[in-house]
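The structure under discussion appears below in the form of structure tokens.
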Amino acid sequence: MDFSTFCIHGNNEKHDRTGAVSVPIFQTATFAHPGVEQSTGYDYSRLQNPTREHLEKTVAKLEDGTDAMAFSSGMSAIATLMELFSPGDHIIASDDLYGGSHRLFRSISEKNGINFSFVNTSHISQIESHINPQTKAVFIETPTNPMMQVTDISAVSKLTKRHGVLLIVDNTFLTPYYQKPLQLGADIVTHSGTKFLGGHNDTLAGFLVVSDNDLSEKLRFIYKTTGACLSPLDSWLLIRGIKTLAVRMDKQQQNALQIARWLLSQEKVKAVHYVGLPTHPDHKISKKQATGFGAMISFATDSEETARQVLERVTLIQYAESLGGVESLITYPILQTHADVPKAVLEAKGINEKLLRLSVGLESAEDLICDLKQALEGQH
Ligand SMILES: *Cc1c(COP(=O)(O)O)cnc(C)c1O
């Protein structure tokens with residue numbers, strides 16, 4: 001079955017006899033047992049719920065995994081994942097991570113005795129030189145947030161397999177529609193389902209996806225024990241969002257390319273970071289491992305003043321955190337998503353007062369360009 005068909009029908013299991021076309025929302029905390037030591041297959045919604053199960057099976061299949069767990073947010077998925085590790089363990093992570101993941105690792109996981117090395121994972125040699133006997137995992141995002149650097153997933157997976165280390169990929173930016181890390185050798189995929197999977201800026205969600213039974217068992221145990229599961233209603237909203245994933249991604253990417261090209265020609269724009277531009281340094285690697293480039297653009301303006309002016313003057317595009325929804329959003333990484341990352345680290349990456357990040361939505365590209373034009377030029 002084609003990806004886009006699967007997005008709509010999911011695993012196509014029928015949960016009731018009414019013929020309901022939309023998966024029912026099983027808004028129940030618990031399930032009655034038919035008899036002593038008997039179960040309907042559902043006992044308590046923290047363990048499993050039919051609505052969430054439909055969503056999890058759908059996401060597992062889309063990512064080419066065997067099991068997916070749906071969480072109440074992307075951060076709760078990653079926080080649960082961290083419970084796999086013990087004090088003394090070492091993890092190598094991208095130095096250009098989503099700010100929330102960076103904050104979790106530095107402020108909470110480190111306190112719990114897990115050690116991190118933050119390296120530029122686009123350079124395999126940098127990962128390799130940091131592997132030591134305590135290293136248990138490599139955690140990457142590709143493309144990175146917000147600088148859009150690409151890491152060669154299969155090259156890293158060869159390295160991690162050789163050293164018996166887990167490869168974890170945050171696939172939020174491209175989604176399985178464009179990139180399937182498990183196929184490329186990753187062991188665990190994480191998602192903020194809040195972004196492209198949900199797609200409507202209306203629901204928080206997160207996922208962990210695996211294709212290994214042993215990992216699935218370990219993570220399921222932590223999942224049912226710690227309990228950050230997605231509610232039945234929010235599971236249904238994600239099921240609905242995923243139905244249009246393929247068409248949304250295609251159109252949002254098409255808009256993003258048009259806007260990135262337009263930004264390149266603007267006097268007040270000094271750099272455009274969009275993987276879909278053939279001039280992007282990682283364009284080729286991206287083409288090798290992904291079938292698309294997504295809809296995330298970062299661009300550097302000529303001054304802090306211009307950057308602030310754009311944020312204050314956009315009208316159609318909204319100045320807000322988050323990404324991946326049908327509404328276009330613009331953010332100021334230095335003050336928002338990356339506010340907790342040390343200044344020196346940010347400056348070395350080019351994340352400064354002039355940098356803006358744009359999540360391109362489903363509006364018409366012409367209208368979005370018109371809005372950016374008046375915001376950059378300062379016309380009233
Ligand atoms: C948003 C985001 C997260 C965190 O997800 P939430 O749903 O906001 O908790 C993690 N990784 C990436 C790449 C993100 O964009």
Would you mind checking which residues have amide H under 5 Å from LYS270's amide H? H placed 1.01 Å from N; only 5 or more apart, or other chain.
ALA300, THR301, ASP302
Go from 0 up to the bin containing the longest alpha carbon distance in region 176-316, width 5 Å each, and give me the % of pairs per bin.
2, 8, 13, 16, 17, 15, 12, 9, 5, 3, 1
Segment ARG17-GLU366, extension gain: residue separation times 0.36 nm, minus the distance between their alpha carbons
121.0 nm
5 Å is the cut-off here: which amide hydrogens, built 1.01 Å from N in the peptide plane, fall below it relative to GLY361, excluding neighbours closer than 5 in sequence?
SER328, LEU329
Expressed as a percent, the accessible surface of region 139-226 that is carbon or sulfur, using a 1.4 Å probe and the full set of protein chains, is 51 percent
What per residue convex hull volume, in Å³, comes out for region 245-377 when only alpha-carbon positions are used?
108 Å³
Accessible area per residue for the chain in Å², computed with a 1.4 Å probe and the full protein assembly in place, what is it?
43 Å²
Based on the Cα coordinates of region 317-378, what is the per residue volume of their convex hull in Å³?
85 Å³
Once phi is turned into θ = phi - 60°, what whole-Hz ³J(HN,Hα) does the Karplus curve with 6.51, -1.76 and 1.60 give for every residue of region 176-188, x standing for Gly and Pro?
x, 4, 10, 8, 10, x, 5, 5, 8, x, 6, 9, 9
Region 359-380 versus region 41-97: alpha-carbon centroid distance in Å
37 Å
Got a number for carbon plus sulfur as a percent of region 245-377's accessible area, 1.4 Å probe?
53 percent
Quick one: Karplus J couplings for region 161-170, per residue in order, coefficients 6.51, -1.76, 1.60, θ = phi - 60°, nearest Hz, x for Gly and Pro?
5, 4, 9, x, 10, 6, 10, 10, 10, 7
Phi to ³J(HN,Hα) by Karplus 6.51 cos²θ - 1.76 cosθ + 1.60 over region 330-337, Hz, x for Gly, Pro:
10, 10, 10, x, 4, 9, 10, 4
Please state the Cα pair-distance histogram of the chain with 20 angstrom bins from zero: what percent is in each bin?
29, 56, 14, 1
Using Cα-Cα distances under 8 Å and only pairs 6 or more residues apart, what relative contact order does region 128-285 have, in percent?
18 percent
Going 7 Å from the Cα of GLU128 along its beta-carbon direction, which residues of region 164-180 have the amide nitrogen within less than 17 Å of the resulting point?
164-165
From the cross-link list LYS57/LYS288; LYS57/LYS136; LYS161/LYS218; LYS287/LYS373; LYS158/LYS288, which pairs have alpha carbons spaced over 26 Å apart?
LYS57/LYS288; LYS57/LYS136; LYS287/LYS373
Might you report the magnitude of the Cβ-based charge dipole of the chain about its Cα centre, with Lys and Arg at +1 and Asp and Glu at -1, to the nearest 20 debye?
380 debye
With just the Cα atoms defining each centre, how far is region 168-245 from region 267-310? Give it in Å.
26 Å
Say we join alpha carbon atoms closer than 10 Å with springs in a Gaussian network model of the chain; which of THR30, THR144, THR172 then has the biggest fluctuation?
THR30
Suppose every Lys and Arg Cβ carries +1 and every Asp and Glu Cβ carries -1, with no other charges. What dipole size does region 14-108 come out with about its Cα centre, to the nearest 20 debye?
340 debye
What's the magnitude of the charge dipole for region 244-380 around its Cα centre, counting Lys and Arg as +1 and Asp and Glu as -1 at the beta-carbon? Answer in Debye, nearest 20.
560 debye
Taking SER328, SER154, SER211 and ranking on accessible area (1.4 Å, protein atoms only), highest first, one gets SER211, SER154, SER328
With labels modelled as points extended 7 Å from the Cα through the Cβ direction, what inter-label distance (nm, one decimal) is found for THR226 paired with ARG106?
2.1 nm
I'd like the accessible area for HIS102: 1.4 Å probe, protein heavy atoms, all chains in place, Å² to the nearest 10.
20 Å²
Sorted by chain and then number, the residues having a modelled amide H within less than 5 Å of the amide H of ASN120, at least 5 places away or on another chain, are ASP95
For an R0 of 45 angstrom, estimate the FRET efficiency from the Cβ-Cβ distance between GLU304 and ASP43 and round to the nearest 0.05.
0.20
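The values are calculated or read from the model by the stated rules, or taken from the named source; none is laboratory data. From a predicted model like this one, the values you see are computed outputs, not experimental measurements. Positions of Cβ are generated from backbone atoms using ideal geometry, with glycine treated the same way; all protein chains shown enter the neighbour counts. When the accessible area is computed, the model is the full protein with side chains, heavy atoms only, and any ligands, DNA or RNA have been set aside. Shrake-Rupley method; radii C 1.70, N 1.55, O 1.52, S 1.80 Å.
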